[in-house]
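The values are calculated or read from the model by the stated rules, or taken from the named source; none is laboratory data. Just so you know, these numbers come straight off a predicted model, no measurement behind them. We place every Cβ from the backbone using ideal geometry, glycine too, and count neighbours over all the protein chains shown. Areas reflect the complete protein model, heavy atoms only, side chains present, ligands, DNA and RNA absent. Shrake-Rupley method; radii C 1.70, N 1.55, O 1.52, S 1.80 Å.
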Amino acid sequence: MTDDSHADVLDNYAQVTAELAEAMAEAGRPAGSVRLVAVGKTHPAARMRPLLAAGHRLFGENRVQEAKDKWPELKAQFPDIQLHLIGPLQSNKVREAVALFDVIETVDRPKLAAALAAEIARSGRRLDCFIEVNTGSEPQKAGVLPAEADAFIEDCRGRWGLPIAGLMCIPPLDQDPVPHFQRLAELGRRHGLAALSMGMSADYRLAIKAGATHVRVGTAIFGRR
Ligand SMILES: *Cc1c(COP(=O)(O)O)cnc(C)c1O
């Protein structure tokens with residue numbers, strides 16, 4: 001990037017927020033019912049700053065280490081930043097993740113749920129958790145399998161007492177995402193979970209139609225990685 005003004009970020013952001021508003025209106029959803037998680041992964045802090053200057057505060061990162069390198073300084077300057085972890089979380093990174101993130105979207109297995117519950121209790125930090133569901137039952141993908149989701153959600157809330165606010169999914173790349181979004185929304189309804197994190201640069205309009213409350217948009221704002 002030779003242009004260090006990062007003006008492209010603000011242009012892209014304006015376009016995405018306009019399309020978001022349009023998609024909400026088309027879906028008959030009230031303005032503000034869908035939140036934009038700006039996914040900054042691989043892009044430096046300098047590219048986050050135009051959004052912060054414009055008043056945006058909600059961001060996502062998929063790696064704990066990268067977030068640790070990038071966000072503490074920005075958070076010190078803008079204490080109302082809300083940072084979402086949207087990538088896989090290893091149990092040995094739980095302490096760092098709980099210290100840094102405000103929402104952990106990728107709770108997907110008992111060992112992690114137990115470690116998170118213990119660290120939240122130990123640290124006294126307040127944060128929300130989402131459960132990631134592998135809606136396509138893809139073998140290599142993170143997320144609880146749909147067949148195990150009901151029991152896992154109940155265990156997260158009952159057995160571990162985690163503050164579960166919602167669900168998250170990443171549909172298979174080669175499939176129509178809409179049935180996956182619908183499946184996640186149905187699971188959320190069944191468990192009274194209001195937040196649904198679904199939709200990325202390529203498909204967030206479809207996700208909004210299906211009920212997304214959070215869309216995770218990287219490329220459309222920050223450009224290619
Ligand atoms: C990178 C990433 C995104 C953003 O993807 P784009 O296609 O760049 O908008 C969303 N969700 C997760 C989990 C990601 O890792």
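3J(HN,Hα) couplings calculated from phi for the range 90-100 with the Karplus curve 6.51 cos²θ - 1.76 cosθ + 1.60 (θ = phi - 60°) are, in sequence order, 7, 4, 6, 9, 4, 4, 5, 5, 5, 5, 9 Hz; Gly and Pro show x.
Note on the range 140-184: dipole from Cβ charges, positive end direction compared against Leu162, Pro172, Ala149; the farthest Cα belongs to Leu162. In order along the range 152-167, the phi-based Karplus estimate (6.51 cos²θ - 1.76 cosθ + 1.60, θ = phi - 60°) of 3J(HN,Hα) comes to 5, 4, 5, 5, 4, 7, x, 6, 9, x, 6, x, 7, 9, x, 10 Hz; Gly and Pro are listed as x. I need the shape label for the chain. Rule: rounded when a/c is under 1.5, else prolate if a/b > b/c, else oblate, with a, b, c from the alpha carbon gyration tensor. The shape class here is oblate. For Gln77, neighbours were defined as the other residues whose beta-carbon sits under 13 Å from its Cβ, and their charges (Lys and Arg +1, Asp and Glu -1) total +2.
Full extension of the chain between Thr17 and Leu74 yields a length gain of 18.3 nm, computed as 0.36 nm times the residue separation minus the alpha carbon distance.
So which of Lys93/Lys141; Lys70/Lys209; Lys111/Lys209; Lys111/Lys141; Lys41/Lys93; Lys41/Lys141 end up more than 26 Å apart by C-alpha? Cα-Cα > 26 Å for Lys70/Lys209; Lys111/Lys209; rest within.
Couplings for the range 5-10, taken from phi via the Karplus curve 6.51 cos²θ - 1.76 cosθ + 1.60 with θ = phi - 60°, read 7, 6, 5, 4, 4, 5 Hz in order; Gly and Pro are left as x. Element breakdown for the range 4-222 at a 1.4 angstrom probe: carbon and sulfur atoms account for 52% of the accessible area.
How much accessible area per residue does the chain have, in Å², with a 1.4 Å probe?
The answer is 47 Å² per residue.
Each Lys and Arg contributes +1 and each Asp and Glu -1, all at the Cβ; summed about the Cα centre of the chain, the dipole is approximately 580 debye. Considering only Ala202, Met48, Pro110, the residue lying farthest towards the positive end of the dipole of the chain is Pro110, judged by Cα position with unit charges set on Cβ.
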